[in-house]
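Okay, so here's the structure we're looking at.
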Amino acid sequence: MCMNISGFIARRYLFSRKYISLISTLTYISIAGVTIGTALLIVVLSVFNGFFDVVKSLLLSFDPDVRIESTQSNTFLYSDSLRQQLEDIPEIQLISPFVRGKALLSNGDDANKVVEVKGIDEATFINMVNIEQSITSGVYDLEVRNRKPGIVVHEQLRSELFLNMGDEIALLSAAGMRKALTQITVPRSYQFDVRGAYLVQSIASTPSVYVEIDAARRLFNARKQVTGIDLKLTNSEAAENLKNTLAAELGPEYKISTWYDLQKPLYDVMYLEKWGAYIILMIIVVVAVLNIIGSLTMIVIQKRRDIGILMSMGFSSGRIKSIFRKQGLFIGMIGCGIGGSLGFLLCWLQQQYGLIKLSSAFIIDAYPVDIRLLDVLIILGGSLLLCLAASWFPSKQASAIQPAEAVRYE
């Protein structure tokens, strides 16, 4: 009953039906500020989430869920026991070893370029990433034909060196050049046929040229070793748990990286931008909170006699504080309710109709949106806490009023 009375009084103080006063005007301004701030926070953070998902999907189209590398050298032996150990883990859907390194690509006397060569197992790699769907010229074929292994290059490299399908190119590794210089021999290069060109949106790394893993082993003199092992999981979100499991099973000789670790600087910057925007936009709510402090303080001054009467009737200082704290809570609940609904509506409209477009040169045509429950709870919780904090000073002032002085003063 007491709770109902204090809530009733709080509502009457905030929303007087008799006339529009300065206090009620400030109250409506405060509600509008909380509404706008909450709606903007939901929309902006959802857009950041959408861009994060777009970037993640692009990177995961060529990045594995988990990668295993050696901590002691550039290459390591991919033994049958290691392969069997990985195959016994149920979360692992696909295993794809690779050999990677820098090499000089030559297409004649004047057309030379240092490229990153990645030797792959053609059968497993095609199921690891969507390279076959990215082929723009030729075919995805790395097999040895007419004693020449195939190579697939990036479309940008093909344009720079004016490569055509069927052209013969040579690759020379850095180790081969160093050996030629130290032993005064002719550097040994390996010939490849250009079989295809692919195009992907490169965000954080230089596009690779792809050859068969055995050809890469000969090029980099790796024999039966590999540079790393890429793993595709049944659920990419389980990568962090699997990382801990593999680290415990394989020991310190191996470095385990998740999809997040492989592009950590980029992902960290995106998270920093997201929560930086959250802090900046919370300033709108803070401005509304200042209005709440002002309006509630004015209510305390205006209702000084009423507060004195209530206290003389038996209201404790705690119940007086409760009246004004509930006013801050009501403002926060109304503002968060309207703002949250407006933010959800705007996000839904953007998801369904793509109202705000991006440049046609970008990967997607409209701003992506992804509403996450945790973000919404943080936004609503932060706004409500600020509104409750705004009522602390006025409620303390109200509870400090002496009943006899308040009635005599009036």
Only counting other Cβ atoms within 10 Å, I'd like T71, T38, T258, T124 sorted with the fewest neighbours first.
T71, T124, T258, T38
Just to be sure I understand: if I project the alpha-carbon convex hull of the stretch 110-176 onto a plane and average over all orientations, what area do I get in nm²?
5.5
Would you mind calculating the gained length between L250 and N112 on full extension (0.36 nm times residue separation, minus the Cα-Cα distance), in nm to one decimal?
45.6 nm
If you take all C-alpha pairs in the stretch 28-131, what percent of them are over 17 Å apart?
73
Pairs from K113/K224; K56/K274; K56/K232 whose Cα-Cα separation, in the structure shown, is over 18 Å:
K113/K224
With +1 on the Cβ of every Lys and Arg and -1 on the Cβ of every Asp and Glu, the dipole magnitude of the chain about its Cα centre, in debye rounded to the nearest 20, is 2280
Sorted largest first, extent of the stretch 249-302 alpha carbons per principal axis (Å)
73, 22, 11
Karplus-derived 3J(HN,Hα) from phi for the stretch 208-220 (6.51 cos²θ - 1.76 cosθ + 1.60, θ = phi - 60°), whole Hz, x at Gly and Pro, runs 9, 9, 10, 9, 5, 5, 5, 5, 5, 5, 5, 4, 9
Neighbouring Cβ atoms within 10 Å as the yardstick, rank M313, M298, M282 fewest first.
M313, M298, M282
Rank the residues F315, F393 as a footprinting-exposure proxy: fewest other Cβ atoms within 10 Å of their Cβ go first.
F393, F315
Would you mind getting me the FRET efficiency between I309 and K396? Use the beta-carbon distance for r and R0 = 25 Å, nearest 0.05.
0.80
Step through the residues of the stretch 31-40 one at a time and calculate ³J(HN,Hα) from phi using the Karplus curve (6.51 cos²θ - 1.76 cosθ + 1.60, θ = phi - 60°), rounding each to whole Hz and writing x for Gly and Pro.
4, 5, x, 5, 4, 5, x, 5, 4, 5
Length gained if L290 through S70 is fully extended, taking 0.36 nm per residue and subtracting the Cα-Cα distance, is 73.5 nm
Calculate how large, on average over all directions, the projected area of the Cα convex hull of the stretch 66-262 is; give the answer in nm² to one decimal.
12.1
Counting pairs of Cα atoms in the stretch 216-274, how many percent are more than 19 Å apart?
49
Selected from G314, Y278, I293, residue furthest toward positive end of dipole (the stretch 272-365; charges at beta carbon):
G314
Structure-based [θ]222 nm, the chain - -39500 (n - 2.57) summed over DSSP H runs of at least 4, per residue, nearest 500:
-18000 deg cm²/dmol
Cut-off 14 Å, label point 7 angstrom out along Cα-to-Cβ of R83: give me the residues of the stretch 225-250 whose amide nitrogen falls inside.
225-226, 229-230
Return the FRET efficiency for the residue pair D141, T206: r is the Cβ-Cβ distance, R0 is 22 Å, and the value is rounded to the nearest 0.05.
0.45
Convert each backbone phi in the stretch 245-252 into a coupling constant with the Karplus relation 6.51 cos²θ - 1.76 cosθ + 1.60 (shift: θ = phi - 60°), then list the ³J(HN,Hα) values in order as whole Hz, x for Gly and Pro.
5, 5, 4, 6, 7, 8, x, x
If you take the C-alpha gyration tensor of the stretch 270-410, multiply each eigenvalue by 5 and take the square root, what semi-axes do you get, largest first, in whole Å?
45, 13, 12
Residues whose built amide H sits under 5 Å from the amide H of Y198, excluding neighbours closer than 5 in sequence, are T136, V153, H154, E155
Given 0.36 nm per residue, what is the gain on full extension from F344 to A277 after removing their alpha carbon distance, in nm?
22.3 nm
Taking the C-alpha atoms of the chain, convex hull volume expressed per residue in Å³
216
Loop-located GluC sites (Glu not before Pro) in the stretch 38-147 whose Cβ has at most 11 other Cβ within 10 Å (DSSP):
E143
Hey, rough spin-label estimate for S57 and S316, points 7 angstrom out along Cα→Cβ, what's it come to in nanometres?
5.7
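Just so you know, all these numbers are worked out from the coordinates, no wet-lab data involved. All of these numbers come straight from a predicted model, not from anything done at the bench. Heads up, the Cβs are rebuilt from the backbone with ideal geometry, glycines too, and the neighbour counts pull from every protein chain shown.
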